[in-house]
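Presented below is the structure to which this report refers.
The numbers here are math on the coordinates, done by the rules we state, and not lab data. These numbers come from a predicted model, not from an experiment. With ideal geometry, Cβ positions are generated from the backbone for all residues, glycine too; neighbour counts draw on all protein chains shown.
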Amino acid sequence: MENPDWYTGSDRSGRVAAGIESVIERMDDRTADHTDTELLSRLLLLEEEVNWRCFLQGLIGTIHYDLEEIDVARTTLAESVSGFKAYLSSFDEVLSVYCQSCYTLGVILFDDGRYPDATPCFMRCLPYMHEVYDETYIGHILTFLALCMSWTNQPSSSVVFSEAAAFIRRGDCESLEQLMVAFATAGDVDKAVDVFHMLQSQCHDYDNYDRVLEFAEKNLGQSGVVN
């Protein structure tokens with residue numbers, strides 16, 4: 001069995017590459033289950049190259065996450081992310097699963113309320129995300145970072161990521177709300193008011209518009225009074 005060009009791991013039999021293709025097809029179809037994690041575990045016995053081993057672990061962890069087996073996913077993804085070696089030439093070929101593992105682990109830790117631990121997971125995506133993700137995912141990463149910075153008392157950093165998220169997400173209402181809060185928390189009330197006025201003009205149908213108004217009335221003084 002001949003290996004495809006994209007596979008640069010250690011297995012010369014072709015079984016690892018064929019197994020990866022089969023599993024990813026099922027993941028794309030949202031049909032992957034424990035038969036796939038078992039296959040990937042068997043492939044780990046064949047694979048010796050470190051980044052490709054972490055690639056396989058990342059797939060296993062992502063499948064567990066999709067099956068809502070969060071504890072196993074958390075442990076497996078943490079092992080995967082910590083094991084990657086970005087300085088090896090093989091890293092370029094595994095970027096997509098590396099970023100997905102970082103992102104998914106970040107989401108799990110964020111949902112756990114472990115914001116200091118989630119932050120570096122999302123930060124690891126930053127250098128590579130434009131090669132791997134579309135604007136939707138990039139916006140999610142920046143928004144998660146903005147929230148992590150906000151909830152770990154780093155208001156200036158929260159503003160930076162909130163601005164970036166609002167730009168990438170084309171100023172949708174959720175991003176504008178986060179940007180308003182970030183500016184206000186950082187003490188830049190004038191900019192918070194500017195964003196609030198944008199929300200007033202653009203976001204009356206936003207599900208959390210009442211929350212926007214409540215925040216403005218409590219934190220933006222006379223400028224936060226509803227017109």
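Quickly work out the Asp190-to-Asp117 label distance, labels modelled 7 Å from Cα along the C-beta direction, and quote it in nm with one decimal.
4.2 nm
For the chain, with only Lys/Arg (+1) and Asp/Glu (-1) charged at the beta-carbon, what is the dipole magnitude about the Cα centre, in debye rounded to 20?
Dipole about the Cα centre, nearest 20: 600 debye.
For the chain, what does -39500 (n - 2.57) per DSSP helix run (n ≥ 4), summed and divided by total residues, give at 222 nm, in deg cm²/dmol to the nearest 500?
That comes out to -22000 deg cm²/dmol.
Set the Förster distance to 41 Å, then compute FRET efficiency between Ser96 and Glu217 from the Cβ-Cβ distance, nearest 0.05.
Step by step, r from the Cβ atoms, then E = 0.35.
Hey, what do the phi angles of the range 111-122 turn into as Karplus ³J(HN,Hα) couplings, whole Hz, using 6.51/-1.76/1.60 and θ = phi - 60°, x for Gly and Pro?
Result, rounded to whole Hz: 5, 6, x, 9, 5, x, 7, 6, 4, x, 4, 5.
Along the range 59-73, what does the Karplus equation 6.51 cos²θ - 1.76 cosθ + 1.60 (θ = phi - 60°) give for ³J(HN,Hα), rounded to whole Hz, x for Gly and Pro?
In residue order, the calculated couplings are 5, 4, x, 5, 5, 4, 4, 5, 7, 6, 9, 5, 4, 5, 4 Hz.
Separation between the Tyr137 and Asp66 pseudo-spin-labels, each 7 Å from Cα along Cα→Cβ, expressed in nm?
1.3 nm
Dipole size in debye (nearest 20) for the range 62-130 around its Cα centre, Lys and Arg Cβ +1, Asp and Glu Cβ -1?
Roughly 320 debye, rounded to the nearest 20.
Using a ≥ b ≥ c from the Cα gyration tensor of the range 1-106 (square roots of the eigenvalues), is it rounded, prolate or oblate, where a/c under 1.5 gives rounded and otherwise the larger of a/b and b/c decides, a/b for prolate?
Here the range 1-106 falls in the oblate category.
Highest GNM mean-square fluctuation, the chain, Cα pairs closer than 10 Å: which of Pro116, Pro127, Pro155?
Between Pro116, Pro127, Pro155, it is Pro127 that shows the largest mean-square fluctuation.
Go through the range 66-157 and name the chymotrypsin sites (Phe, Trp or Tyr not before Pro) that are in a DSSP coil and have 12 or fewer other Cβ atoms within 10 Å of their Cβ.
Passing both the DSSP loop test and the Cβ count: Tyr87.
What is the distance in Å between the Cα centres of the range 16-38 and the range 39-70?
The distance from the Cα centre of the range 16-38 to that of the range 39-70 comes to 10 Å.
Among the trypsin sites (Lys or Arg not before Pro) in the range 123-227, which ones are in a DSSP loop with at most 11 other Cβ atoms within 10 Å of the Cβ? Mind listing them?
Arg170
For the range 1-42, which GluC sites (Glu not before Pro) pass both filters: DSSP loop (anything but H, G, I, E, B) and at most 14 other C-beta atoms within 10 Å?
Glu2
Need one word for the chain: rounded, prolate or oblate. Basis is the Cα gyration tensor (sqrt eigenvalues a ≥ b ≥ c); a/c below 1.5 gives rounded, then a/b vs b/c decides.
Here the chain falls in the prolate category.
Over the range 141-227, what portion of Cα pair distances is larger than 21 Å, expressed as a whole percent?
Above the 21 Å cut-off, the range 141-227 has 21 percent of its Cα pairs.
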